[in-house]
Amino acid sequence: MRVAIYIRVSTEEQAQHGYSIDAQKDRLIAYCTSQGWSDYKIYIDDGYTGTKMIRPALNRLIRHIEDGKIDLVVVYKLDRLSRKQLDVLYLLEEVFEKHNVGFKSATEPFETTTPFGKAMIGILAVFAQLERDMIVERTTIGRRQRVSKGEWYGGRIPFGYKMNRETKQLEIVPEEAKIIKEIYKMYLQGNSRLSIAEWAAERTKARVIDHSVIRNILSRPVYMGKLSNAGNVVDGKHEAIIDEKTWHAVQKETKERKEGATPLGEYLLTGLLKCGVCGGPIVHVKRITRKYGKEYLYELYACKNQHVRKKDRNNNCTLGYIRREKVEKFVIEQIKSYTTDDLLIKQIANEKNKFKDNDESALSNLESQLKKVLTGLENLYDAIESGEIKASSISDRIRKLEEQRDVLENHIDEIKDNTPQNDLNIQEFDIFIKEIGEAWDYLTEDEQKAMIRKAFCSVTLHKDKYIEVEWNFAP
């Protein structure tokens with residue numbers, strides 16, 4: 001009987017209910033021992049909530065079940081699988097039962113091998129979700145009650161403040177408050193969130209600051225001494241860092257910038273471009289020149305690390321500016337000329353095979369190492385069983401081999417996870433690109449953007465105006 005012991009604990013549960021990793025592990029190993037199951041493997045998701053299915057150990061467990069490596073799954077309680085009824089039923093019916101894998105709980109009297117046991121699981125899953133919904137409701141009500149009183153509702157403390165444990169209220173951190181005030185000032189002076197983030201990041205190590213953090217700082221009422229309660233803004237008991245007039249001026253500025261902004265993803269190559277000099281992202285730049293009494297608009301691409309104020313630059317990127325029209329024309333020609341460029345087709349085939357060979361070689365090497373480790377463990381187990389050697393004398397050796405086994409299995413799983421499941425062979429890729437080239441002039445703008453992203457992984461701009469494209473081997 002090949003048993004999978006699945007353990008999950010969230011940070012909150014560990015603190016409040018004692019569902020620690022060690023407590024669950026000890027209980028489940030003892031349970032397996034009492035049932036005579038010695039062939040077990042432990043899967044641990046530490047710090048993951050039971051409301052989400054995206055968990056590393058759970059995903060690895062499912063993959064091993066699909067590979068036929070597991071006969072039975074054992075948990076401490078049903079809600080260790082999930083607190084959502086639909087997720088529990090999906091795992092039981094679509095994963096476990098579909099692959100003839102049994103399921104048992106060490107603390108609840110049911111199993112999946114009988115109709116009554118299955119019915120009990122369904123009922124308990126309903127109560128697990130009910131408990132989750134009640135927790136969410138209690139948390140929401142408590143949060144709203146605290147906010148209505150002007151009290152901080154919990155969660156991550158905003159940059160610029162700290163929590164006073166005695167008063168349980170937010171207190172200003174003077175050094176950070178200075179940065180907050182300057183951020184608002186710079187924004188109203190016309191600086192971008194990106195350049196402000198670069199400026200702020202150099203002045204504090206208390207928190208990682210990027211443009212999304214700046215956006216958050218500029219939009220939260222907490223900085224003018226207020227709190228948001230279900231869409232309503234109420235007065236807080238904490239001291240404001242920014243006066244209301246300045247805060248509202250920033251909101252007006254943000255609205256005006258949005259109305260005049262370039263729509264996200266408007267350009268053909270948005271998100272694909274990168275700098276060949278420093279590796280930074282590429283931004284779109286508009287410049288107007290006047291000649292002979294007329295205005296001319298030029299649309300250019302530039303490296304973000306170069307196209308900021310000189311004092312805010314974090315390196316000496318010298319890419320320069322490249323006409324957007326030239327770059328897009330080059331990329332389109334790559335697709336259109338693909339149908340007649342046999343050398344390009346062969347080059348792509350060779351690159352694709354090289355990546356595939358590298359993955360296969362690494363996987364083969366890891367599997368060979370794993371086989372040796374498993375053989376070593378098996379020999380030690382046999383020696384103990386036959387009485388040739390005492391378990392206590394080689395316990396450290398067994399532990400090290402088991403650790404090596406787990407590390408190797410994780411590496412193997414990572415390679416398999418990162419291998420595209422829909423990878424096209426070169427003939428299919430060839431047909432795919434040719435069809436795009438032939439139909440290009442008849443595609444809508446949105447269709448062209450979608451096809452570009454299927455054809456290419458990236459487009460790199462170099463200092464000498466050379467443009468390099470990286471084909472996507474799995475469109």
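Just so you know, all these numbers are worked out from the coordinates, no wet-lab data involved. Everything numeric in this text was worked out from a predicted model, so none of it was measured. No Cβ is skipped: glycine too gets one built from the backbone with ideal geometry, and neighbour counts run over all protein chains shown.
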- Message: Quick check: pseudo-label points 7 Å beyond the Cα along Cα→Cβ at CYS457 and SER148, how many nm apart are they?
- Response: 5.5 nm
- Note on the structure: PRE zone check, label point 7 Å out along Cα-to-Cβ of THR107, amide N under 11 Å, scope region 57-94, hits 76-80
- Here region 193-200 yields Karplus 3J(HN,Hα) values (6.51, -1.76, 1.60; θ = phi - 60°; whole Hz; Gly and Pro given as x) of 4, 5, 5, 5, 4, 5, 5, 5
- Grab the Cα-Cα distance for ILE172 and HIS248, subtract it from 0.36 nm times how many residues apart they are, and report the gain in nm with one decimal. 25.3 nm
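From the square roots a ≥ b ≥ c of the eigenvalues of the alpha-carbon gyration tensor of region 178-261, which class results: rounded (a/c under 1.5), prolate (a/b over b/c), or oblate?
Working: a/c = 1.82, a/b = 1.23, b/c = 1.48.
Oblate, since a/c reaches 1.5 and b/c is not below a/b.
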- Mind listing the long-range amide H neighbours of ARG203? Cut-off is under 5 Å, sequence gap 5 or more, other chains count too, H placed in the peptide plane at 1.01 Å from N. none
- Query: With each pseudo-label sitting 7 Å past Cα toward Cβ, what's the GLU325-ARG397 distance in nm, one decimal?
  - Reply: 7.6 nm
- Message: For the pairs LYS84/LYS104; LYS255/LYS454; LYS168/LYS252, flag any whose C-alpha to C-alpha distance is greater than 29 Å.
- Response: LYS255/LYS454; LYS168/LYS252
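Around LEU319, what is the net charge, scoring Lys/Arg as +1 and Asp/Glu as -1 over all other residues with Cβ under 11 Å from its Cβ? Don't skip to the end; give the middle numbers.
Values: positive: LYS274, LYS304, LYS463, LYS465; negative: ASP464.
That works out to +3.
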